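Structure record follows, encoded as structure tokens.
Each reported figure results from applying straightforward, stated rules to the coordinates on display, with no laboratory input. What you see is a predicted model, and the numbers here were worked out from it, not measured in a lab. Cβ placement follows ideal geometry from the backbone for every residue including glycine, while neighbour counts extend to all protein chains displayed.
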Amino acid sequence: MTPDGSKGLYPPSDEYRKSAVIKSAEEYEKIYNASIEDPVAYWTKEAEQIEWFSKDWKDAFTWNKRTSEFTWFKGGKLNVCYNCLDRHVKNGLKNTAAIIFQGEEDDDVKVYTYGRLLNEVEKFANVLKSKGIKKGDRVAVYLPMIPELVITLLACTRIGALHSVVFAGFSSEAIYNRVADCKAKLMVTSDGSFRAGKKIDMKGKVNEVLEKDTDIKTVIVVKRTNAEIFMEDDRDVWWHKEMAKAPERCEPEIMDAEDPLFLLYTSGTTGKPKGMVHTNGGYIVGAYSSYKYVFNYRPGQIHWCTADIGWITGHTYILYGPLSFGATTLLFEGVPNYPEEDRFWQVAEKWKVDLFYTAPTALRMIRKSGDEWIKKHDLSSLKMLASVGEPIDADVWKWYHTVIGGGRCPISDTWWQTETGSIIIAPMTGAFDLKPGSAMKPLPGIETTVLREDKTECDVGESGSLYITRPFPSLARTIWNDHKKFVDLYWSAVNGYYLTGDGAKIDPDGDHWLLGRVDDVISVAGHRIGAAEIEAALISHRAVAEAAVVPVPDEIKGEAIYTFVTLKNGFVDSDELKKELINQVRNVVGPIATPKTIQISSGLPKTRSGKIMRRILRKIAGGGKYDDLGDTTTLLDPKIVESLIEGRK
Ligand code: PRX
């Protein structure tokens with residue numbers, strides 16, 4: 001395949017196009033237009049592709065715009081685990097690989113067929129039941145990327161318990177906040193994990209969390225690193241011992257489509273993470289349908305999504321999307337650059353990976369280490385590539401296409417969020433000549449619009465705020481225990497439109513260009529971190545009077561964290577203090593939130609009403625020219641700006 005020089009577009013090869021679910025722009029338009037004309041009919045048809053115990057919903061969709069409550073397929077009965085496992089075992093995939101686990105050590109490999117995985121999941125579901133876990137209970141999961149993680153999640157969905165996965169890079173305080181908010185009764189963790197050749201302690205962190213008051217009565221511990229750990233009598237039990245005595249069979253719980261399936265916490269503009277609530281019916285329909293359209297999976301192929309299951313990408317495209325589709329999904333424990341810079345490519349070659357899904361931050365890091373690491377490997381098995389988490393600029397896109405995809409593999413730049421549960425905007429790679437840097441078109445059933453601050457519609461090519469015009473099945477229903485916040489954050493800007501929080505523009509071809517967050521959320525290596533969370537961590541330090549946190553562009557991570565701090569009287573700026581403040585953030589929020597820079601300043605730019613002018617701080621943090629700071633006349637003390645610029649140098 002060669003790029004179409006005249007337009008700078010990248011058409012898929014005829015061979016790829018033929019194998020795709022949607023094969024032409026005309027076909028997409030036909031499906032898309034019909035789906036927007038009658039979204040309920042469209043989504044009902046998609047829902048029929050999964051297996052229901054009963055499809056007795058009265059209305060496929062209900063929506064109370066006043067309260068921002070909506071339902072999809074309410075009254076329909078199903079089980080997500082049944083759809084991911086039993087259904088395929090029944091339909092002839094019993095001996096087909098569901099999961100290929102590739103550990104950090106190259107010979108640490110386990111293959112779980114659909115039959116074997118179902119077996120393990122049923123047993124673990126019985127373990128959960130034996131510990132008193134039942135439908136509606138919350139189970140906290142703090143595990144490395146090992147098969148037990150997938151088994152735990154599916155076992156929860158089998159018995160109707162809600163899993164809440166906490167990313168392994170979070171601090172014990174962040175774990176505590178998440179566990180306490182949802183009142184989890186049980187936790188699954190491991191003695192430790194392997195990361196870049198090191199043993200990382202996990203149980204120790206859990207022990208710290210459980211020193212505080214929580215509802216956790218049982219901790220199930222997987223033996224992974226054989227580290228010496230403290231086990232509390234009457235509370236902590238070993239996974240392998242419980243599994244050895246668990247009964248084999250466990251019938252799936254019959255769930256209503258609108259029963260919650262899982263919680264996943266995400267950072268927002270306030271200091272407190274939000275537990276997004278996803279439902280059984282809507283989520284699995286969205287995961288299945290988007291997987292089908294975006295990845296064009298064919299039987300026998302190997303799908304590899306490099307995300308961590310602690311994030312929504314891992315939930316939907318390592319686990320629920322591929323498994324509901326009957327695909328073979330690779331679960332990878334390692335990192336891109338250990339033992340050497342070519343680890344991804346060595347794994348892709350070894351397993352003959354067909355579909356590869358990663359984040360721009362990983363691509364930038366890999367590109368920096370040099371193409372020779374990639375060229376050492378035969379990547380001819382790759383058919384399609386995808387990207388998620390942040391904008392992928394045209395330059396990295398073209399490099400991904402040429403060097404990793406051998407000029408042969410189309411790239412899907414997929415835009416979505418924890419809240420949306422599944423991919424929302426992405427090119428159907430068999431249908432379009434691809435446009436580097438653009439996520440292109442919404443998936444069928446999704447209608448977007450870009451609005452100005454005054455809520456009028458933007459012209460073609462004009463940047464504004466991205467909205468989705470109505471609820472779709474996989475959209476989160478609420479924030480755990482805080483529906484008011486859900487309404488305020490997502491539905492109150494324009495009544496009936498879902499506010500994404502991202503900037504975007506739509507070009508004359510109807511293609512979407514995503515422009516990053518418009519709120520105070522920072523995307524470090526594609527992971528969302530609320531500025532407010534970091535500020536709260538800093539302010540809790542004895543020396544800090546005030547703090548403001550803004551993103552700065554970063555060559556590898558996309559964005560890095562820049563903090564402005566004013567000190568209380570009696571404290572002075574020193575390298576030691578800065579180190580302490582960095583550690584404070586690492587301890588309270590987690591290592592993923594480590595600030596790149598701490599600038600101590602005598603004050604912060606504020607409006608007369610006391611609001612910190614982040615717009616100005618972003619510019620100052622970014623460096624470069626300061627002649628375009630915008631309107632500073634509303635500032636209480638315009639001189640502060642000069643001293644901040646001075647302090648930046
Ligand atoms: O700003 C957008 C960015 O990531 C945010 C969602 O983050 P999270 O909920 O952690 O989910 C990440 C994985 C789905 C969005 O609001 N984002 C995600 N994908 C893209 C993106 N920005 C630009 N292009 C993308 N493809």
Quick one: what Rg and Dmax do you get for region 315-371 from the alpha carbons, in Å? 12.6, 37
Options 91, 20, 81, ranked by Cα towards positive dipole end of region 1-138, top entry (Cβ charges): 81
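Run the helix sum for the chain: -39,500 (n - 2.57) per DSSP H stretch of 4+ residues, divided by residue count, reported at 222 nm to the nearest 500 deg cm²/dmol. The partial results should precede the final answer.
Details: 19 runs with 179 residues, N = 649.
Estimated from H runs of four or more residues: -8000 deg cm²/dmol.
In whole percent, what relative contact order does region 270-367 give with Cα contacts below 8 Å and a gap of six or more residues? Kindly include the intermediate steps, with their values, before the conclusion.
Details: 101 pairs, mean separation 29.5, N = 98.
This gives 30 percent for region 270-367.
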Putting +1 on Lys and Arg Cβ atoms and -1 on Asp and Glu Cβ atoms, find which of 622, 601, 530 reaches farthest to the positive end of the dipole of region 530-649. 530
So how far, in whole Å, is the C-alpha centre of region 289-346 from the one of region 88-158? 16 Å
Would you list 344, 295 from fewest to most Cβ contacts within 10 Å? 344, 295
Can you tell me the dipole magnitude for the chain around its Cα centre, using point charges on the Cβ only (Lys, Arg +1; Asp, Glu -1), in Debye to the nearest 20? 880 debye
Taking the Cα centre of region 523-628 as origin and charging only Cβ (+1 Lys, Arg; -1 Asp, Glu), how large is the dipole, in debye to the nearest 20? 340 debye
For region 1-144, report the convex hull volume of the alpha-carbon atoms normalised per residue, in Å³, without decimals. 266 Å³
What does the charge add up to near residue 355, with Lys and Arg as +1, Asp and Glu as -1, over the other residues with Cβ less than 13 Å from its Cβ? +3
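Rounding to the nearest 20 debye, state how big the charge dipole of region 68-160 is about its Cα centre with +1 on each Lys and Arg Cβ and -1 on each Asp and Glu Cβ. Before the final figure, lay out each step's value.
Values: 14 positive and 11 negative charges, 174 e Å.
Around 840 debye, computed over region 68-160.
Apply the a/c threshold of 1.5 to the C-alpha gyration tensor of the chain and tell me whether it is rounded, prolate or oblate. It would help to have the intermediate numbers written out before the result.
Working: a/c = 1.39, a/b = 1.15, b/c = 1.21.
Rounded.
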Give, in nm to one decimal, the length gained when the segment between residue 198 and residue 587 is fully stretched (0.36 nm per residue of separation minus the Cα-Cα distance). 138.1 nm
Cα gyration tensor, region 192-274 - rounded (a/c under 1.5), prolate or oblate: oblate
Put +1 on the Cβ of every Lys and Arg and -1 on every Asp and Glu Cβ in the chain; which of 635, 491, 149 then has its Cα farthest towards the positive end of the dipole? 149
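Report relative contact order for the chain in percent, whole number only (criteria: Cα-Cα under 8 Å, sequence separation at least 6). Walk me through the numbers on the way to the answer.
On the way: 1409 pairs, mean separation 86.4, N = 649.
Contact order relative to length: 13 percent.
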Would you work out the Kirkwood radius for region 447-524? I mean one over the mean of 1/r across all pairs of different Cα atoms, in Å. 13.3 Å
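Provide, as a two-decimal number, the C-alpha radius of gyration of region 386-494 over 2.2 N^0.38 Å, N being how many residues it has.
Details: Rg = 16.2 Å, N = 109, 2.2 N^0.38 = 13.1 Å.
Relative to the rule-of-thumb radius for its length, region 386-494 sits at 1.24.
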Taking r as the C-beta separation of residue 337 and residue 212 and R0 as 30 Å, the FRET efficiency to the nearest 0.05 is 0.25
Note on region 1-148: contact order normalised by length, alpha-carbon pairs under 8 Å, 6 or more apart, percent, works out to 11 percent
Rounded, prolate or oblate: which one fits region 511-649, using the alpha carbon gyration tensor with axes a ≥ b ≥ c (rounded when a/c is under 1.5, else prolate when a/b beats b/c, else oblate)? oblate
